[in-house]
Structure formats: C-alpha cells, structure tokens
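First up is the structure itself, then whatever we jot down about it.
The values are calculated or read from the model by the stated rules, or taken from the named source; none is laboratory data. Quantities reported herein were computed from a predicted structural model and do not represent experimental measurements. Cβ: placed from backbone, ideal geometry, glycine included. Neighbour counts: every protein chain shown.
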Amino acid sequence: MNTMGLLVFDGLLLFSIVGLAWASLATTDVRRGVILFMAFGLLLAVAWGRLLAPDVALAEAAIGAGLSGALLLAAVHRQPRPLSPGATHDSLYRSAAAVSMVVRWVVTLLSAALAGTLAWGLLHAFSSTPQDMLPRAIAENLAASGVSNPVTAVLLNFRAYDTLLELAVLLTSVLGIFSLGPATPGYQPAGPIFDGLVRWLVPVLILMAGYLLWVGAHAPGGAFQAGATLAAAGVVLRLAGRARIGLPEGFALRIVMTAGVSVFLLVGLTLLLLGRPFLGYPPAWAGALILLIETAAMLSIAATLLLAFLGGQPESTGVKAAANRQREEISRC
Amino acid sequence: MINILSSILILAGVFFYLAGSIGLLRLPDLYSRLHALTKADNLGLGLLMAGLALHSQDLFTMLKLLLIWLAVLAASATSAHLIARQARRQETGS
C-alpha cells in the first residue's frame with residue numbers, strides 16, 4: 001500500500017514536472033512562462049527530495065526556483081514592450097519566421113541527438129563499472145576529509161578544484177554584470193504590511209544562512225545554499241524599496257565579490273608552500289579550512305546573486321558613476 | 001487513536017486545499033479567488049501541519065512544523081494583500 005502510494009505520487013510528480021516544463025516553453029506570454037518555470041523549479045526540488053538528495057533539493061529550491069525566478073521576473077520587467085501584432089505582417093517578418101522554423105527543427109534534431117548520446121553514455125557507464133565504486137571510495141576517505149557530510153566532503157575536499165572553478169565562473173559573471181553599467185533604480189518604498197514582513201523575515205533569513213553554512217559540515221547545507229538564502233534577504237530588501245540592501249560599498253564590495261576565489265587560492269597556495277599538494281588539506285586542519293573557505297564562498301555567492309538581481313553596478317561602487325554625478329553637480333552650479 | 005486523529009486532521013487539510021483549488025479555478029474575479037486561495041494556505045496547511053505534528057510525536061519536529069506554518073501564514077497574507085492592493089489600484093486607475 002505504502003509503496004503503491006509513493007509510486008502514484010512519483011508518477012504525478014513526474015507528469016507535473018514535464019507538463020510544467022512544456023507549458024512554460026509553449027506559452028507566448030513571457031511573464032506567465034517565468035511563473036510556470038518557478039513552479040517547475042519547486043516541483044523539481046521535491047523530485048530531488050524524493051531521490052534522497054536533500055542537498056540538491058535545497059539548492060534547486062533556493063537558486064533554481066527562488067532566485068532564478070526573481071532574476072527572470074526582473075529581466076521581464078525591464079525588457080521593452082513587444083511589438084504590436086499589426087506590425088508583424090510584412091514580408092521580412094514572414095521570411096524571418098520561415099528561417100526560425102528551419103532553425104527550430106535543426107535545433108530540435110541536434111538536441112535529440114545530444115540527448116541520445118548522453119543517454120547512451122550514461123547507460124554505458126552504468127553497465128560497465130560497478131555501481132558502488134564511487135560511494136565506497138568516498139565513505140572510506142570521509143574520516144580524513146574534515147567533515148561528515150559526504151556531499152560537502154566531495155565539493156570542498158575531494159573535488160575542491162571543481163568548486164574553485166565554479167566560484168571563478170561566478171566571479172566572471174560579476175565582471176559581466178559590472179560591465180552593464182549602473183544598476184536600475186530601486187523600487188518605491190513598500191507599504192506597512194510588506195515592510196512589516198521584511199522587518200522580521202530578513203533577520204530570519206540571515207540566521208538561516210548562518211545555520212545552513214554551519215550545518216553543511218555534517219548535514220545537507222553548505223556555501224551555495226547559504227549564499228542563496230543570504231542573497232534572498234537582499235532581494236527582499238530591494239523589493240521593499242530599501243535604499244540599503246546589505247551590500248558593502250566601494251572597495252569592500254570588491255573584496256566580498258572576490259573573497260571566495262581569493263581565500264580558496266590563498267589556502268591552496270599556502271598548502272603548496274608547506275609542501276602539500278594544491279588544496280590537499282592536512283586532515284587535522286581540514287574541518288577549519290573548509291569552514292573558512294565556505295564562509296568566504298558564501299559571501300561571494302550572495303554578493304554575486306544580489307548583483308545579478310540589481311543588473312549592474314550599485315551606484316556607490318562605480319567610479320564612473322561617481323565621476324558622472326560630480327560632473328552633473330558642477331554643471332548645475 | 002493518535003493515528004486516527006492525525007488522519008482526520010490531514011484529510012480535513014486536504015479538503016481545504018481541494019476547496020481552495022476549485023475556488024481558484026471557478027470563482028469569477030480576482031478578489032474571491034484570492035479569498036479561496038488564502039483559505040487553502042491558512043487553514044489547509046494548518047490542519048495538515050497539525051496532523052503531521054501529531055504523527056511525528058517529537059517536540060523538535062512539531063516546533064519546526066509550527067514554524068513552517070507561521071512563515072507561510074505571514075508570506076501568504078502579505079502576498080495576497082499586495083496582489084489585491086495592486087488590482088484595486090489598477091481598477092481605480094490611480
């Protein structure tokens with residue numbers, strides 16, 4: 001009875017996920033597509049939970065559904081109004097539509113080929129190697145990793161390289177965001193009810209981020225989930241029309257942005273100087289070093305996600321913006 | 001006994017969710033739809049959480065469930081208020 005019920009639940013979940021994905025792609029209303037995408041992300045998080053992967057479920061719920069949704073909605077809000085339907089009847093548009101139809105079919109075929117190749121590779125990998133090789137290797141070395149959560153052990157110790165490069169990717173994206181120029185102006189100050197929610201929600205979110213960071217050593221959690229939660233606090237503050245959303249200013253912001261990569265590199269290089277392999281922590285220090293790196297990574301991730309939501313340089317950091325303001329003031333005099 | 005009680009609570013919660021969903025799909029305008037939806041969030045989730053809390057028989061889990069309910073209450077009440085206010089503003093055209 002119980003397994004039967006779960007089977008029905010899984011079937012419904014799977015059906016809803018595919019249905020939501022389809023609906024979110026098929027709709028012509030961008031805003032509706034984004035909202036369907038957020039619902040899709042939430043159900044995907046439930047699916048990860050059903051697969052007994054709470055770490056991924058937390059990350060999916062926080063980043064995939066929550067923050068990506070906020071980013072996409074902000075992007076929809078900013079894009080110019082679509083052309084009126086009357087403007088679409090010229091021949092140029094029709095030939096463009098024909099081309100896009102061809103492109104769409106080519107892309108569909110290529111995607112199908114890619115999916116087939118991936119499925120074949122996965123099947124091959126599953127059938128040729130014993131299933132429990134990797135989990136066993138992790139379990140055997142977990143004691144020396146400095147943490148007892150196997151996911152954190154892989155992310156921050158066994159495969160720390162990958163995480164370092166992920167943080168470098170985030171840093172690169174911040175550079176891209178900064179090149180977009182000044183951020184959009186903030187929103188109107190919120191009314192008393194929303195402001196009342198923000199007043200207690202933000203401290204709770206900050207507390208939760210700290211908890212997720214700390215608990216990552218022995219249970220699901222870690223820098224990415226904590227960073228996303230911290231960024232969510234900033235997003236809520238911004239939506240409530242607050243002028244200060246928790247981002248430091250000027251030079252301090254640059255330090256926070258680069259903290260993840262630089263602390264990671266510093267630890268790695270120091271270990272190299274001490275005659276150990278790059279990022280090969282001594283077991284006695286591993287726990288503390290991982291916590292240090294994760295704290296820095298959390299701050300960088302939170303700043304990156306929040307800057308992505310702002311969509312540009314916050315006014316106070318841009319040297320150019322400051323110069324512009326000065327020029328304006330001079331010309332006004 | 002506790003099992004029966006928790007089942008009744010969970011079923012009652014599911015009933016409110018069902019009623020809320022039907023209301024969301026069938027009711028004519030935004031305000032009455034919001035009204036139906038908040039019933040599902042507030043009462044439905046509350047009953048569901050109460051049923052699950054009885055089922056868990058663990059004080060820490062119960063407190064966590066209570067906290068989830070309170071957080072959802074605050075969030076859903078605020079978002080319903082924001083949606084309704086925005087709709088009202090568009091109606092009056094101010």
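From the list A:A297, A:A284, A:A308, A:A302, the lone residue that is in a helix (DSSP H, G or I) and more than 25 Å from A:P248 (Cβ to Cβ) is A:A284. Residue under question is A:S127, and the condition is that it be surrounded by fewer than 17 Cβ atoms within 10 Å (Cβ to Cβ) and not in a helix (DSSP H, G or I); does it hold? Taking the combined requirement at face value, the residue does not satisfy it.
Of everything in the stretch A:220-242 that is within 14 Å of chain B (Cβ to nearest Cβ) and outside any helix (DSSP H, G or I), the residue that is farthest from B:S79 (Cα to Cα) is A:G241. Within the stretch B:39-66, no residue satisfies the criterion of being among the polar types (S, T, N, Q) and within 14 Å of another protein chain (Cβ to nearest Cβ).
In the set (1) in a helix (DSSP H, G or I); (2) at pLDDT below 90, A:L247 fails one condition alone, (1).
When B:A84 is tested against the conditions (1) out of contact with any helix residue (DSSP H, G or I) (no Cβ under 7 Å at 6 or more places or on another chain); (2) closer than 24 Å to A:W200 by Cα, the lone failure is (1). Among residues of the stretch B:67-94 that are within 8 Å of chain A (Cβ to nearest Cβ) and hydroxyl-bearing (S, T, Y), those with a beta-carbon under 7 Å from a residue that is part of a helix (DSSP H, G or I) and surrounded by 12 or more Cβ atoms within 10 Å (Cβ to Cβ) at least six positions away or on a different chain give the pairs B:T78/A:I193; B:T78/A:F194; B:T78/A:L197. Against the numbered list (1) within 27 Å of the chain's Cα centre (by Cα); (2) without any contact (Cβ under 8 Å) to a residue 24 or more places away in the chain; (3) more than 14 Å from every other protein chain (Cβ to nearest Cβ), A:L156 comes up short only at (2). For the stretch A:180-197, filtered to residues that are part of a loop (DSSP other than H, G, I, E, B) and away from chain B (no Cβ under 14 Å), the residue that is surrounded by the most Cβ atoms within 10 Å (Cβ to Cβ) is A:A183. Taken over the stretch B:2-32, the residue count meeting the criterion of being surrounded by 13 or more Cβ atoms within 10 Å (Cβ to Cβ), out of contact with any helix residue (DSSP H, G or I) (no Cβ under 7 Å at 6 or more places or on another chain) and not in a helix (DSSP H, G or I) is 0. The single condition among (1) in a helix (DSSP H, G or I); (2) more than 17 Å from the chain's Cα centre (by Cα) that B:G46 does not meet is (2).
Being touching a Gly at 6+ places or on another chain (Cβ under 6 Å) and either within 19 Å of A:G227 (Cα to Cα) or among the β-branched types (V, I, T) (or both) is the filter here, so list the residues in the stretch A:150-183 that pass it.
Within the stretch A:150-183, the subset touching a Gly at 6+ places or on another chain (Cβ under 6 Å) is A:152, A:167, A:180-183.
Selection gives A:T152, A:L167.
Considering every residue within the stretch A:66-77, establish whether at least one is touching a Lys or Arg at 6+ places or on another chain (Cβ under 6 Å), at pLDDT 85 or above and within 17 Å of A:V34 (Cα to Cα).
Within the stretch A:66-77, one or more residues are touching a Lys or Arg at 6+ places or on another chain (Cβ under 6 Å), at pLDDT 85 or above and within 17 Å of A:V34 (Cα to Cα).
Quick check: anything in the stretch A:198-207 away from chain B (no Cβ under 14 Å) and more than 15 Å from A:L306 (Cα to Cα)? Within the stretch A:198-207, none of the residues are away from chain B (no Cβ under 14 Å) and more than 15 Å from A:L306 (Cα to Cα).
Does B:H35 qualify as being under 23 Å from A:G196 (Cβ atoms), away from every other protein chain (no Cβ under 14 Å) and surrounded by fewer than 18 Cβ atoms within 10 Å (Cβ to Cβ)? Give the derivation first.
Numbers: under 23 Å from A:G196 (Cβ atoms): yes; away from every other protein chain (no Cβ under 14 Å): yes; surrounded by fewer than 18 Cβ atoms within 10 Å (Cβ to Cβ): yes.
Considered against the rule, which asks whether it is under 23 Å from A:G196 (Cβ atoms), away from every other protein chain (no Cβ under 14 Å) and surrounded by fewer than 18 Cβ atoms within 10 Å (Cβ to Cβ), B:H35 comes out as yes.
Considering every residue within the stretch A:130-140, establish whether at least one is surrounded by 13 or more Cβ atoms within 10 Å (Cβ to Cβ), among the polar types (S, T, N, Q) and outside the structural domain of A:L237 (by TED's automatic domain parsing). No, because not a single residue in the stretch A:130-140 is surrounded by 13 or more Cβ atoms within 10 Å (Cβ to Cβ), among the polar types (S, T, N, Q) and outside the structural domain of A:L237 (by TED's automatic domain parsing).
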